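The values are calculated or read from the model by the stated rules, or taken from the named source; none is laboratory data. Bear in mind the structure is a predicted one, so any value in this text is a computation, not a measurement. With ideal geometry, Cβ positions are generated from the backbone for all residues, glycine too; neighbour counts draw on all protein chains shown.
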Amino acid sequence: MRKSIFARRRPLLRRGLDSYLVLPLFAGLLLLAIWLVTVREINNERAHAQEAVSDSLRELMGTYEAQVSRSLDGIDQTLRVVKYAVERKGALGAFAELERVGLLPPGVVFNVSIVDRQGQVVASRPRRSSMSVAEQPYFKVHQERDSGATFVSPVSRDVANNDWHVHFTRRLDDALGNFAGIVIVETDPAYFTSSYERSRLGELGMLALVGSDGVVRALRTGDKLSFGQRLHARQFGLLDGVARYSDMRELHGVALNVVVGLAQQEAMSAFERQRKEKLWQAGVASAVLVLGSTLLCLWAWQGARHRTHVRRAQETYAAATAASMDAFFVLRAVRDSAGAISDFAFFDTNSRAEKMIGHSKEELRGMTLCGLSPQARSSAMFAGMVRVMQLGGVHEQEWENNLPQLKARWLHQQMVAVEGGVVAIVRDITERKLAEERMRHLAHHDTLTGLPNRSRINARLDQAIAQAHRHNSALLVAFIDLDGFKLVNDSLGHNAGDELLKVVAERMGDCLRAGDVVGRFGGDEFVLLLNESHGVEAAPVLERVREAVLESILLCDQEVQVSCSIGVAVYPDDGADAETLLMHADTAMYRAKDLGKNNCQFYTREMNATIERKLHMLEGLRNAVDEGQFQLVYQPKVDLRTGHVFGVEALVRWLHPEYGLLGPDRFIPLAEESGIIFALGEWVLQTACRQNQLWQEAGLSPLRISVNVSPRQFEEQRLVQRVAQALEESGLAPEWLELEVTEGVIMRDLQQAVAKMGELRAMGISLSIDDFGTGYSSLSALKSFPISTLKIDKSFVRDLGSNAGDEAIASSIIGLAHQLRLRVIAEGVETEEQRAFLRHNGCDEMQGYLFSRPLAPEQLRQLLLRQSPPDVARRQLAAAAA
């Protein structure tokens, strides 16, 4: 009876033990084990970290102790040598003797003085005014007793030297052994902490030199230097409110101690990260354990194994997919009548997938893959999914997304074949890819300036040499060293020096052309790689760089100025490999420094005569406007129907003092590159307007004068104001001025160009597109230009009458212009065949040598008189005679 009762109760007991007692108890034990193991590992890691800090502190102490000992030995040796020299040569002859044999320390760091028994300084190096130190403690120490050792005083300053110094002194005795004075070696307290390295001591580390009396001779914590305070050994562990591991060690033979400290926060930062990571792992494991136990208890409570299993699977899937950074897509294969897979239908997705694809789960269930993204079939995505179904298994790949429906640039895709379809797990790895790109960038670029570093420059130089060799072109390697950088660094500090380097690097980059490279070679040295595929175009770049560096910079509320010395080597003349070119450029740079700095020198003058001549022209170009070396000539524009001159184009010439009369092709590119085009363009505009007004005041029939506007002029913000000023100062009416702009300039920034042209047009000024047909303006853009004239480029006019292609282009331009109600002028007309073709095809105007070369103002006046009515011509001649 009892046995049967026990038998009936045993399943209930087992169920109770399994569900309500065993599972929670087991989970609790696991939870306890997890945290016990975690706490133990954290304690072990803390002990290891503290041991590592102790080792590091001992290593730092040994290094610092050795450095300070060497410095003190050197100072003591200097005191002994000076003392010996005084005893041999006397106080006045000692320094001369030591300087002759080179035994005096550098005056930049150390001051050496000799004091007589009255306390009067009788000699010093560097020299300074005489003074008395009789009241100084370091004098009285030796005066009162002969310790035979070097005395190290607290930090002090005196009348002759207002800076704080540490004084090291030794007693001088006369021949009878009586007190005869002292020898002093002074140095800045910072000298003993200059070995502070952030890479080893961190941002809050500590180096200190402390006397046995507890007075600090030098103390550096991070960037802060102090001295003079009295500290006990235990106070170094909590200085400035920062907890530190510190160690103090007494120096042998001198009443000084060295102290080294590491900030606990920095020293234990790695341990703290590991501790947080382990606590996080333990927390996650605990959460998972609690969650798992809860799910199992719920399963037992429901009592239906199969339904509970389904529910658990659903809950696990929901939790995993909802919290996952991956997008889950469950797709079912869609087959055609032949049984072949024709598409994939969306069956299920998670929230991450909805965000990635921009559709809700309900919307996706009615879509197919190729219906949602037709590009999927052509991008091989569809074929890849079919292949996964055929082969089975797990397939992974990373790919750069080109489907507009997926909102990510880089994706990681994992596909698994399941019954009737595939499961695609997609993750956005754009941030990881960008981080990898940033890491690659940091490995080859200077962290301060962002410029290519030494290794990157060497690689780029090798590539540039190979390219120059293939194209049979030249390559300039410029080695640049900043003049005066060390003075800024020493006087204003390293932070100011870093800021100076960043500003100079940015300025250099702004001076370069497309394809040029600037990099930081190290310290205050930079390297430029300049391509010379089109002659000698790099000369203005070097000059721009030099001038940009020379501009003043505001650092620490103080305006400073540095210059640069530039050395240039040219491939292949000065070397065929990177090492040789850099060496020769470096040699030329030192030559530039020898010649007074702030200049540019080429490695071999003979091989670079052309570039030097261009630099010479550039230098002359800077003074040409002020010295009146430019002059304007005027080429008539002729009406093809009447043959009369209706306007002129102003063309500039440079009367160079050495090379004679130069055409614009010789100097306009230089003016553009160097920025002189602004001053030159303003002079041309003012001179042309003034000359036109003079012709009209002389009684000649009004004619329109055309002035070319360069690309940099047109892009300048003050162009409209400059034109208005030229008209106002000359008195010329706006309708007699025409500005010519190339279509390439307009297309650089179409919206801004049209707005600026509209302002000029509103003033009454005519606008013409110069060299039409050589740019890339579209017809839709052309019709929006507020212009009145198109000028056919001379390259299309040159072969008119002999080249059917040029004739077709010219006639098309004429027809297009007339359709847009624009006048057409052809430039460079030199033959009767060209004029006949243009007239036959309806061209309105022409200019060129067939009618007249560019003329001086007086020659043009005579030409205009010949086409004027007789009464006008007689009045002009009479006025000229009067």
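Name the one entry in V745, V720 that is of a type in the set (V, I, T), within 34 Å of the chain's Cα centre (by Cα), at pLDDT 90 or above and part of a helix (DSSP H, G or I). Give the steps one after another, and end with the answer.
Values: V745 fails: at pLDDT 90 or above.
Selected residue: V720, the only one of V745, V720 that is of a type in the set (V, I, T), within 34 Å of the chain's Cα centre (by Cα), at pLDDT 90 or above and part of a helix (DSSP H, G or I).
Within region 782-837, the set of residues being over 17 Å from S766 (Cα atoms) and polar (S, T, N, Q) comprises S795, S802, N803, S811, S812, Q819, T831, Q834. Being outside any helix (DSSP H, G or I), modelled with pLDDT of 75 or more and more than 44 Å from the chain's Cα centre (by Cα) is a property that G339 has. Hey, any hits in region 454-463 for a residue that's assigned by TED's automatic domain parsing to the domain that holds A576 and small (G, A, S)? Yes; the residues of region 454-463 include at least one that is assigned by TED's automatic domain parsing to the domain that holds A576 and small (G, A, S). Looking only at region 692-710, which residues are part of a helix (DSSP H, G or I) and in contact with a strand residue (DSSP E or B) (Cβ under 7 Å, 6 or more places away or on another chain)? Selection gives N692 alone. Anything in region 443-452 that is surrounded by fewer than 21 Cβ atoms within 10 Å (Cβ to Cβ) and farther than 22 Å from A496 by Cβ? List them, or say none. Passing the criteria: A443, H444, H445.
Looking only at residues that are of a type in the set (A, V, I, L, M) and modelled with pLDDT under 90 in region 476-509, which one is farthest from E579 (Cα to Cα)?
Within region 476-509, the first condition is being of a type in the set (A, V, I, L, M), and the residues that meet it are 476-478, 480, 482, 487-488, 492, 496, 500-501, 503-505, 508.
Of the ones still in play, those that are also modelled with pLDDT under 90 are 487-488, 492, 496.
Details: L487: 30, V488: 30, L492: 35, A496: 32 Å.
Taking the candidates together, the pick is L492.
May I ask you to verify whether V101 is over 24 Å from A175 (Cα atoms) and surrounded by fewer than 21 Cβ atoms within 10 Å (Cβ to Cβ)? The answer is yes for V101.
Being surrounded by 16 or more Cβ atoms within 10 Å (Cβ to Cβ) and among the polar types (S, T, N, Q) is true for just one of Q235, Q229, Q281, Q264. Which residue is that? Spell out how you get there, then give the answer.
Numbers: Q235 fails: surrounded by 16 or more Cβ atoms within 10 Å (Cβ to Cβ); Q229 fails: surrounded by 16 or more Cβ atoms within 10 Å (Cβ to Cβ); Q281 fails: surrounded by 16 or more Cβ atoms within 10 Å (Cβ to Cβ).
Going through Q235, Q229, Q281, Q264 in turn, just one is surrounded by 16 or more Cβ atoms within 10 Å (Cβ to Cβ) and among the polar types (S, T, N, Q): Q264.
Counting only strands (runs of 3 or more DSSP E) wholly contained in region 371-450, the ones carrying 1 or more residues that are at pLDDT 75 or above and under 15 Å from M356 (Cβ atoms) occupy 410-418, 421-428. The set of residues in region 748-797 being surrounded by fewer than 18 Cβ atoms within 10 Å (Cβ to Cβ), modelled with pLDDT of 85 or more and within 36 Å of the chain's Cα centre (by Cα) consists of V754, A755. If you take the residues in region 819-837 that are more than 15 Å from Y849 (Cα to Cα) and buried (at least 16 other Cβ atoms within 10 Å of the Cβ), which one is farthest from the chain's Cα centre (by Cα)? The selected residue is F837. The set of residues from region 83-131 being small (G, A, S) and either assigned to a loop (DSSP other than H, G, I, E, B) or closer than 18 Å to P154 by Cα (or both) comprises G90, G102, G107, S113, G119, S129, S130.
Only helices (runs of 4 or more DSSP H) wholly contained in region 473-566 count here; list those with 2 or more residues that are closer than 20 Å to R456 by Cβ, aliphatic (A, V, I, L, M) and under 15 Å from the mean Cα position of the chain (by Cα). Explain how you work it out, then say what you get.
On the way: elements: 485-492, 494-511, 539-550.
Result: 494-511.
Taken as a whole, region 593-602 holds at least one residue that is touching a residue at least 24 places away in the same chain (Cβ under 8 Å), assigned to a helix (DSSP H, G or I) and not assigned by TED's automatic domain parsing to the domain that holds E673. Against the condition of a type in the set (S, T, N, Q), surrounded by fewer than 17 Cβ atoms within 10 Å (Cβ to Cβ) and out of contact with any Cys (no Cβ under 9 Å at 6 or more places or on another chain), how does S812 come out, does it pass? Spelling it out, S812 is indeed of a type in the set (S, T, N, Q), surrounded by fewer than 17 Cβ atoms within 10 Å (Cβ to Cβ) and out of contact with any Cys (no Cβ under 9 Å at 6 or more places or on another chain). Taking the criterion of being basic (K, R) and either closer than 20 Å to E547 by Cα or at pLDDT 90 or above (or both), the only residue of region 646-680 that qualifies is R653.
Just to be sure, is A285 at pLDDT below 70 and either assigned to a helix (DSSP H, G or I) or outside the structural domain of V423 (by TED's automatic domain parsing) (or both)?
Taking the combined requirement at face value, the residue does not satisfy it.
Restricting attention to region 175-227 and to residues that are in a strand (DSSP E or B) and among the small types (G, A, S), the residue that is farthest from D163 (Cα to Cα) turns out to be A180. Selection of region 247-261 for residues being surrounded by 15 or more Cβ atoms within 10 Å (Cβ to Cβ), of a type outside the set (K, R) and farther than 14 Å from Q50 by Cβ yields M248, L251, V254, L256, N257, V258, V259, V260, G261.
Here is a yes/no grid of residues against (1) farther than 21 Å from L79 by Cβ; (2) surrounded by fewer than 17 Cβ atoms within 10 Å (Cβ to Cβ):
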{"site": "V166", "(1), (2)": "no, no"}
{"site": "T169", "(1), (2)": "no, no"}
{"site": "D174", "(1), (2)": "no, yes"}
{"site": "I184", "(1), (2)": "no, no"}
{"site": "E203", "(1), (2)": "yes, yes"}
{"site": "V216", "(1), (2)": "yes, no"}
